[in-house]
Every structure is written in structure tokens, then in C-alpha cells.
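The values are calculated or read from the model by the stated rules, or taken from the named source; none is laboratory data. Note that the structure is predicted; figures quoted are calculated from it, not measured. Heads up, the Cβs are rebuilt from the backbone with ideal geometry, glycines too, and the neighbour counts pull from every protein chain shown. Just so you know, the surface numbers come from the protein's heavy atoms only, side chains and all, with ligands and any DNA or RNA stripped out. Shrake-Rupley method; radii C 1.70, N 1.55, O 1.52, S 1.80 Å.
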Amino acid sequence: MKSTDRILDTIKREGRVSAKVLADNLNMTTMGVRQHLQSLERDGLVDFEDIRAKVGRPTRHWSLTATGHRRFADSHHDLSVTLIDSVQEVFGDQGVAKVIAQREAATFAQYQDALKDYDNLEAKLQTLAYLRESEGYMAELHRDGADYMLIEHHCPICQAAKTCPALCRSEIQLFRHLLGDRYRVEREEHIVSGQHRCTYRIGDKT
């Protein structure tokens, strides 16, 4: 992966980030990172904001522009939106609901088969994060106290979900169905709502 692609990938995952943090994460010099950032800025892929600290000079933090976000895969972007519009027009809300339910059922069957050999929650979630990563969600799993955080830095169905919010409701219903009544699944951040990632807090209900 080229240095510029590594920088874009890190910003996508981390959100707003400084050149120094990028340099540390990517084992590059700060000067080298700044040169790449300036080139990416000229291409319209990144932008910056100078954030004032309590002491010292403001720190420049970089984030992706809308054009930068579009560099990452949005699965079947135009086709998905067009199909949803067509189903809506021909079959109405009930038709859209049936399509989403079928998609949820097919995905559930795939995930359930992948998780069937795991007994504990962590192993299940690690496998789920791997599946989501392979589907373009840029997913990772972290521990947060007694809970787990499933973090998705990208949504490959984002444009379709904006057209049809029921797709997002289907995603969290899928996770809850997959993990069962013993566990709670709460979405704490949401890309479609304007945040830079989706996060799901998962843990025991008791």
C-alpha cells in the first residue's frame, strides 16, 4: 500500500488526527507525513482544523473530505439506491420491507454458520468483526471494561442506508438476533447520523 493510501486508511479509521500521530502510527517522519498531507489536500481528499490546546500552539488535525470518503468502497452504491427506489415505486413500503427482511435472513444464516463452533462471547465477536472487515466495514473489536466495542470505521452500504433507514435498523436487529437474549447490543455512534464511525456496545444484560 502506498504511503498516501496508508495515511488515508488511518484517517478513515481514527477520524480527526494530527500529523505526529500519523507519523507514529505509520513509522514515518512527521515531515514526510506533512508533505503527503499537503499533496492530499491539493487533491481535495483531506482538510484540516487547527485545534487550540490549553497551552502552547494550536495543533493541526486532519480529516477526510467528502471526496476522501468516496475513495473507500461503497458496495453497489448507485445500483443499491436505484433498486431500492424501484422496489419502493413498484411494490411500496411493504415490498421494501420484504427485501430488507430477506437480506437480513440471508446474512443471519451466513453469520450463524460462521459462529456456530464458538461458545464464548469474545470468540463470537472476534469472528463477527472478521466477517464485517471482509465485507468492507473496516471493523475491529475492543474491550471496554466488562463490555466489548464493535467498531466499524466505514459503511459500504451508507448511501443505500441514507435512502432507506430501515437498513440500519436491520443491522442492529441482526446483531441482537445473532447473539441472543443473553446479551445487549447498543449502537453508540452512527455514520448515517453524521459521525465518522459506527460503534456497538455489547455485553451481558445482567
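Some points to look at:
- Some residue of the range 111-130 being closer than 22 Å to Gln195 by Cα, in contact with an Asp or Glu (Cβ under 8 Å, 6 or more places away or on another chain) and among the aliphatic types (A, V, I, L, M): yes
- Residues of the range 149-178 that are among the hydroxyl-bearing types (Ser, Thr, Tyr) and open to solvent by less than 20 Å² (accessible area, probe 1.4 Å): Ser170 alone.
- Within the range 25-32, at least one residue is out of contact with any strand residue (DSSP E or B) (no Cβ under 9 Å at 6 or more places or on another chain), free of Cβ contacts under 8 Å to residues at least 24 places away in the same chain and closer than 26 Å to Leu141 by Cα.
- 2 or more residues under 22 Å from the mean Cα position of the chain (by Cα) and modelled with pLDDT of 90 or more: qualifying helices (runs of 4 or more DSSP H) within the range 1-78: 3-14, 19-26
- Scanning the range 179-194 for residues that are out of contact with any strand residue (DSSP E or B) (no Cβ under 9 Å at 6 or more places or on another chain) and either assigned to a strand (DSSP E or B) or open to solvent by less than 50 Å² (accessible area, probe 1.4 Å) (or both) returns a single hit, Gly180.
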